[in-house]
Structures are given as C-alpha cells and as structure tokens.
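The structure appears right after this line, and notes come after that.
The values are calculated or read from the model by the stated rules, or taken from the named source; none is laboratory data. This structure is a prediction, so every number in the text was calculated from the model and none was measured. Backbone-built Cβ (ideal geometry, glycine too); neighbour counts: all protein chains shown. SASA here: full protein model, heavy atoms, side chains in, ligands and nucleic acids out. Shrake-Rupley method; radii C 1.70, N 1.55, O 1.52, S 1.80 Å.
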Amino acid sequence: MSKNHIRPEFTRDLLHPRYWLLWLGIGVLYLLVLLPYPWINRIGRGLGRFAMRFMKRRKKISKSNIQLCFPDMTEEEHTAWMLKNFEATGLAVFETGMAWFWPDWRIEKWCTIKGINNLDVGKTEQRGVLVIGIHFLTLELGARIIGIHRPGVGVYRPHDNKLMDWLQTWGRLRSNKYMLDRRDIKGMIRSLKKGELIWYAPDHDYGPRNSVFAPFFAVEKAATTIGTTILVRAADPLLVPFIPMRNEDNSGYSLIVQPPLEGFPKKDEVAAAAFMNKAIEQQILIAPEQYMWLHRRFKTRPEGEPSLYQ
C-alpha cells in the first residue's frame, strides 16, 4: 500500500488531558445514537432549532446562500427553508455518529438504495469511478452506505484536531478501503487507473487556486474547482453522482445512485466546471433543504468584485 494511503493510528497522545472533554463528547454521541432512530430524529431536529438561536453568523450565511441561489423565492419561503436546513444540521450531528458507530445491519435497516448497479459500470468498461459526493448534510452516512455495498476510496481534508482526525478516519474506514488527502491528486489518479471507486466532492469553494468561475444556480460567477477536469484528463474515470437523502416522512434514508454522466467537456476547464455545477444543481433540487447551505459557498470572488456576504 502506498505511503500516501491514510489509515488511523491510535497513539497514547490521544489520551492526553487536553482531549478529555472531546472524549466525553464522543462518548455522549455514541450513547445517543444507541437510541431508537425515531428518538434520534426528534432530538436532532430539536438540536438544530435550538442551535439556530445562537449560530447567528451561520444563520446569516445560510439565508444569504438560499437568497443568492433562489432569488425568485419569497422572504417567507427563504425563512422556512432556512429553518428546515438548521433542523437538518442538528440531525447531521447524530447521522455522523450513526455513520461511525452503527453496525452494518442497523444502517441497512434504515436505508434503501436505488441504482447501486450504476457503480458497477466501471468494472464492465475497465475504468475507475469518480463518485460525485455532493455536500449534503447526510454525506457521512451516505459514504458509509456506499462503502457497505461497494467499498472504495475516501477523499478528505485532514482535521486540525488529532483526535478528530483519528476518529473520522477510523469511522470512514469501517466500510472503505483507504483514505486519501484531498490534495493528493497523484494518489487519486493512481487509484482511478487501478479501477477504484473514489468519493469526491467538487461542490465547495476551495479558494482561487486551481478554480475557475462558473454559474451555480442564480450566481453567475461561483468559484469551482478544476480538480474534476484534472482527474478526468489523467485517468478517464466514469462520473457517477449520488445523493444520500433523508426521507420526508422520517422513515429513514434513500440513497440514489445516478447513471454515469455523459458529455463531460474535458478540453475546456470553464465549460467543465459549468457542466459539473449543473449536474450538482440537479441533485440538490431532489432534497434542497438537506444541502450544506451553512458553508460560505461564494466566498471567493473575481478580482475587484465585492463580497456577496454583507
């Protein structure tokens, strides 16, 4: 295995007193996700509504993002959507614990999958698969569901806190082969050329470096990574979007794996970014309140243009 492949290593340093409070929080989360799922659902939504009272900055960002992307919605609709988004955010805390701590049988009890065979097309065509994992608040659980049925390779940003870094890597490796740092482009290319499935999220604003500006919903100039283009040019993988969706009737989760995308314009970076943004928009519209609107998606602006966040 390549030295770039990330596997968790538990060390005695993680038992240092500076981590004790975090260990306590992890223990509480572990105990809470042992509860019946309907209880988890109610507690999570309540936590989200409670947190909205104090997370004023995130509340403002969330509402700004929704207004920027959907300017034709009314003020009442923006506010109602934001409330649902915070409820989903509260639930995401527990869904992360479910993804890391639940046994496979319990995951499968509350989750159904549609289109899982779309991930097998790569084997037929002898190509790697870039699984387009959009930043839904259910992303941790979605990655676990995918991994149970089709283990692959996770791409992530190492956490600054050593204990959290160990925990999230350990949790994600419960159902996947290994992890790669999102900056390890060469590692991703090697894995794709070997026919692996790689979970990859191109829908956040990663700054001006290696990005171009392309439309995203009603925002004409959204910084969009060219990483997808780099990977497609180098490894020629299939692009397969998926969405882990929380059912509206609170009956669990539906993971939808879409057919491979066709017509990716790999010769033109701006056209490719616009192509990916359009594909991502289509997935978001399936369950828009569950998308991660609390992130400053439009923080990077073209030179000379003002911030969209006032």
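Compactness ratio for segment 81-129: Cα radius of gyration over 2.2 N^0.38 Å (N = residue count) comes to 1.65. Each residue of segment 142-149 was assigned a 3J(HN,Hα) from its phi angle through the Karplus expression (A = 6.51, B = -1.76, C = 1.60, θ = phi - 60°), giving x, 5, 5, 4, 4, x, 4, 8 Hz with x at Gly and Pro.
Output the antiparallel fraction of DSSP beta bridges having both residues in the chain, as a percent to the nearest 5. Spell out each step's value before the answer.
Values: 12 of 31 bridges.
About 40 percent, rounded to the nearest 5.
For segment 205-252, a/c is not less than 1.5, where a ≥ b ≥ c are the root eigenvalues of the C-alpha gyration tensor, and a/b does not top b/c. That puts it in the oblate class. Computed over the chain with a Gaussian network model linking Cα atoms closer than 10 Å, the most mobile of Ile132, Ile256, Ile26 is Ile26. Rounded, prolate or oblate, given the Cα gyration tensor of segment 187-278, with a/c below 1.5 counting as rounded? It is oblate, given that a/c is not under 1.5 and a/b is not larger than b/c. Amide H contacts of Ala222: Ala214, Phe216, each under 5 Å away and 5 or more positions distant or on a separate chain (H built 1.01 Å from N in the peptide plane; Pro and chain starts excluded). Heavy-atom surface analysis with a 1.4 Å probe gives the chain a carbon and sulfur content of 56 percent of its accessible area.
Restricting attention to segment 190-261, which GluC sites (Glu not before Pro) occupy a DSSP loop and are surrounded by at most 12 other Cβ atoms within 10 Å?
Answer in residue order: Glu248.
Dimensions of the chain along the principal axes, based on C-alpha atoms and rounded to the nearest Å, stand at 51, 50, 38, largest first. Who wins for biggest fluctuation among Met292, Met276, Met52 in a Gaussian network model of the chain, springs between alpha carbons below 10 Å? In the Gaussian network model the winner is Met52. Averaged over residues, the count of other Cβ atoms within 10 Å places the peptides 116-125, 166-175, 136-145 in the sequence 136-145, 166-175, 116-125, highest first. Rounded to the nearest 500, the helix-only mean residue ellipticity at 222 nm of the chain stands at -14000 deg cm²/dmol, with each DSSP H run of n ≥ 4 adding -39,500 (n - 2.57).
Under 1.5 on a/c is rounded, so check that first for segment 33-175, then, if it is not, pick prolate when a/b is larger than b/c and oblate when it is not; a ≥ b ≥ c are the square roots of the alpha carbon gyration tensor eigenvalues. Cα axes put segment 33-175 in the prolate bin. For the residues Asp181, Asp236, Asp249, a GNM of the chain with alpha-carbon springs under 10 Å puts the largest fluctuation on Asp249. Looking at segment 198-251, the accessible area is 37 square angstrom per residue; that uses a 1.4 Å probe and ignores ligands, DNA and RNA.
Placing dummy labels 7 Å off each Cα toward the beta-carbon, the span from Glu220 to Phe10 is 5.5 nm. Placing unit charges on the Cβ atoms only, positive for Lys and Arg and negative for Asp and Glu, gives segment 117-233 a dipole magnitude near 460 debye about its Cα centre. Kirkwood radius for segment 138-190, taken over all pairs of different Cα atoms as the inverse mean of 1/r, rounds to 11.5 Å.
Taking the inverse of the mean 1/r over every pair of distinct Cα atoms in segment 1-101 gives a Kirkwood hydrodynamic radius of 16.3 Å. Calculated accessible area for segment 1-108 comes out at 61 Å² per residue, all protein chains present (probe 1.4 Å; ligands, DNA, RNA ignored).
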